[in-house]
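Below: one structure, written as structure tokens.
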Amino acid sequence: MGPVGHFAVGLAAKPVAPKVPLGVLFLATWLLDVLAIAFGFAGIEGAKSGIPWSHGLFMSVIWSVLAAILTSSIYRKRRAGAVVGLLVFSHWVLDFVSHPIPFSSFSWRSWQWSYGHPLPSDLPLLFSDSPKVGLGLYNTISAVEATALEFGLFILGATVYAAYVVKKRKAGRSQPA
Ligand SMILES: [Zn+2]
């Protein structure tokens, strides 16, 4: 899934982790892709070796636990740590539904965006040689549909976030000065 869909989950999580800045919540939902980019540059992951260190189920659990421990020690709130840990893992869950992501292209003949040829699953359970999983939603829908889905999720998350901000402002106003 793209960053827009992942950020939606970060927005929706703000009411349950009010102490944690939105930027940190966004980073948590996108951490596995940040790692994938870093590992790609470092040559640890790539076309040949796949994405076991950033997106393997086993390593995703490890990153989630590490993020939870780090966050709860920074904010001295266990719940903040638990929420951030779950956000990191939510990335894997959304990717599990959507992956693999074929390259999209625009067809001038039919005047529409579409995904390329369906790809094999790319999320390993453990490391490089372990079985790979993924429900492959983005193999079956068009790029336009996938984009609409991600922005739809984002609007849902933004609605939850906006409701929280309004509620907080009202509570602040009713308090005696
Ligand atoms: Zn990802």
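Under the criterion of Cα pairs below 8 Å and six or more residues apart, the relative contact order for segment 1-78 equals 22 percent.
Apply the a/c threshold of 1.5 to the C-alpha gyration tensor of segment 1-49 and tell me whether it is rounded, prolate or oblate. Since a/c reaches 1.5 and a/b is larger than b/c, the shape of segment 1-49 is classed as prolate. The distance separating the Cα centre of segment 1-21 from that of segment 53-93 comes to 13 Å. For the residue pairs Lys19/Lys170; Lys77/Lys132; Lys14/Lys132; Lys77/Lys167, the alpha carbons lie more than 29 Å apart in Lys77/Lys132; Lys14/Lys132. Take every Cα-Cα distance within segment 1-94, group them into 5 Å bins from 0 onward, and report for each bin the whole-number percent of pairs it holds. P(r) for segment 1-94, in whole percents per bin: 3, 16, 26, 23, 18, 10, 4, 2, 0.
The relative contact order of the chain comes to 27 percent, based on Cα pairs under 8 Å that sit 6 or more residues apart. In loop segments of segment 108-154 as defined by DSSP, the chymotrypsin sites (Phe, Trp or Tyr not before Pro) with at most 12 further C-beta atoms inside 10 Å of their C-beta are Trp108, Trp111.
Counting only protein heavy atoms and a 1.4 Å probe, the chain has 59 square angstrom of accessible area per residue.
The values are calculated or read from the model by the stated rules, or taken from the named source; none is laboratory data. These figures come from a predicted structure and were not determined experimentally. Cβ coordinates were reconstructed from backbone atoms using ideal geometry, including for glycine residues, and neighbour counts include every protein chain displayed. When the accessible area is computed, the model is the full protein with side chains, heavy atoms only, and any ligands, DNA or RNA have been set aside. Shrake-Rupley method; radii C 1.70, N 1.55, O 1.52, S 1.80 Å.
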